[in-house]
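I have a structure here, written as structure tokens, and I will follow up with some questions on it.
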Amino acid sequence: GDDQPDPDPEVAKQKDALLEALHARCQALFARGDGSKGAFDEAWAELGRWTDVLESPYNVLAAKRAIRRKRPGRALEIWNGQVASEPLDKSHREARLELIETLGWDLWAVYEKSWLLIRFPPGGFPPF
């Protein structure tokens, strides 16, 4: 058995509030343009002390951070993980497609677009 006591619900609630606040701070600093150094990096490091920043919902910001830091391979790795863990989420696939297009990988972009149309038809799935 697990010898760890059940976490106190109040402590869990406080941690969730802290994570939400740190995530919001990171998003605001990133949007302001501090994505590569300074205040954003400090806030990002603090968020990383409390949670895995590669898990949802933080991984979207992690991918954007990787792109801004000129690490497209890392961003692609993050998006691929998101697509694998949430295969029915169209937004992750579209973000991956956007990155592929940015990299100039035209053949892969055509492939991704084709699969997007198959997985998510424009009119939705026909009724049976």
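Scan region 114-128 residue by residue and report those that are loosely packed, with under 14 Cβ neighbours inside 10 Å and in contact with a helix residue (DSSP H, G or I) (Cβ under 9 Å, 6 or more places away or on another chain). Talk me through it step by step, then tell me what you get.
Of region 114-128, the ones loosely packed, with under 14 Cβ neighbours inside 10 Å are 114-115, 117-128.
115, 119, 120, listed by residue number.
I would also like to ask the following. Just to be sure I understand, how many residues within region 42-58 are at pLDDT 90 or above and closer than 21 Å to residue 79 by Cα?
The number of residues fulfilling the criteria is 8.
Under 7 Å between Cβ atoms, at least 6 apart or on separate chains: pull out the pairs that start in region 88-101 with a residue that is open to solvent by 60 Å² or more (accessible area, probe 1.4 Å) and end on any residue that is of a type outside the set (Phe, Trp, Tyr) and in a helix (DSSP H, G or I).
Final answer for the pair search is 101/109.
List every residue pair whose Cβ atoms lie under 8 Å apart, where the two residues are 6 or more positions apart in sequence or sit on different chains, the first residue falls within region 5-26 and is surrounded by 10 or more Cβ atoms within 10 Å (Cβ to Cβ), and the second residue, located anywhere, is among the β-branched types (Val, Ile, Thr).
Short answer, once both residue conditions are applied: 19/51.
The values are calculated or read from the model by the stated rules, or taken from the named source; none is laboratory data. Predicted, not measured: the structure shown is a model, and the values here were computed from it. With ideal geometry, Cβ positions are generated from the backbone for all residues, glycine too; neighbour counts draw on all protein chains shown. The accessibility values were calculated without ligands, DNA or RNA, using every heavy atom of the protein model including side chains. Shrake-Rupley method; radii C 1.70, N 1.55, O 1.52, S 1.80 Å.
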